[in-house]
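Written out below as structure tokens is the structure these notes cover.
Values in this text are rule-based calculations from the coordinates and carry no lab data. Just so we're clear, the structure is a prediction, and the values are computed from it rather than from any experiment. Cβ: placed from backbone, ideal geometry, glycine included. Neighbour counts: every protein chain shown.
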Amino acid sequence: MSEKEIILVGGGGHCRSCIDVIETGRTFSIAGIVEQPGKDKSGPILGYPVIGFDNDLEILKKQYDYALITVGQVGSSNVRQRLFNLLKQTGFILPVVVSPLAYVSKRSQIGEGSIVMHHAIVNAGAGVGKNCILNTRCLIEHDAKIGNHTHISTAAVLNGEAKVGSGSFVGSNSTVVQGARLPDHFFFKAGSLIAGEKDGKIMKDNKL
């Protein structure tokens, strides 16, 4: 089966990691990178040309069907949300991209436009929203739930039945304890131990 051409929207550091994930698989071939207006269009990114800017997406849709958002997310998810809505309105297909080095249970669900990076694990019953990043070596345990536009960073752990809201960031090497319930649009720094919400406050490191 021939590889499907895909364009990558965003050319920063996260894009480079996404390129490596896509190249490791055999599903997609990268046609090029789409950058923000005002960025340099001349230089290639890991050998792939910059073929346009955000305002060229309608034109690019005439040639390409598939797109992946490759803008990273550390703080706000606003940029990724805006791009997701723009790509959907333009008619692009936003596939789920999974590294062949990751494990995703057939009994889990992952929403469109999300990427599962090298050595990540998604176990049975887990549910992941749209336009999410499951970064290298993160663990999404059984029945955990992740809202749309959320980034689970490198080596972070969501234990069984934990729930992380939409538009959030869980930093590297963080642990969300079993059954914790976390709201939308929260930022958890690297190395956090997150026990959930109590009386409207987030419990970190086992205390308010």
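Its Cα centre serving as origin, region 45-189 has a Cβ charge dipole (Lys and Arg +1, Asp and Glu -1) of approximately 160 debye.
Take the Cα of THR24, step 7 Å toward its Cβ, do the same at ASN78, and the gap between the two points is 3.3 nm. Considering only beta bridges that DSSP places wholly inside region 128-174, some 0 percent are antiparallel.
Roughly what % antiparallel, to the nearest 5, for the DSSP beta bridges in region 4-95? Antiparallel bridges: around 5 percent, rounded to the nearest 5.
Direction-averaged projected area, Cα convex hull, region 43-146: 7.4 nm², rounded to one decimal. When both bridge partners sit in region 81-207, DSSP labels roughly 15% of those beta bridges antiparallel.
Consider a paramagnetic label point 7 Å from the Cα of ASP65 along Cα→Cβ; state which residues of region 1-20 have an amide N under 14 Å from it. Those under the cut-off are 2-7. For region 139-195 and region 38-103, compute the distance between their C-alpha centroids and round to whole Å. When both Cα centres are located, 24 Å separates them. When restricted to Cα atoms, region 4-95 yields an Rg and a Dmax of 12.1, 33 Å, respectively. Panel note: the C-alpha atoms of the chain, placed on their principal axes, show extents of 51, 37, 28 Å (largest first).
Using a cut-off of 22 Å between Cα atoms, the listed pairs LYS145/LYS189; LYS61/LYS106; LYS62/LYS130; LYS88/LYS189; LYS4/LYS88 include LYS61/LYS106; LYS62/LYS130; LYS88/LYS189 as exceeding that distance. For region 98-203, the orientation-averaged shadow of the C-alpha convex hull comes to 5.2 nm² (one quarter of the hull surface). Based on C-alpha pairs under 8 angstrom that are at least 6 apart in sequence, region 4-95 has a relative contact order of 33 percent.
Axis of helix 13-24 versus longest Cα principal axis of the chain: the two differ by about 80°, to the nearest ten degrees. Considering only LEU60, LEU68, LEU182, the mean-square fluctuation computed in a Gaussian network model of the chain, springs between alpha carbons under 10 angstrom, is largest for LEU60. The angle between the Cα long axis of helix 78-90 and the main principal axis of the chain comes to about 50°, on a 0 to 90 degree scale.
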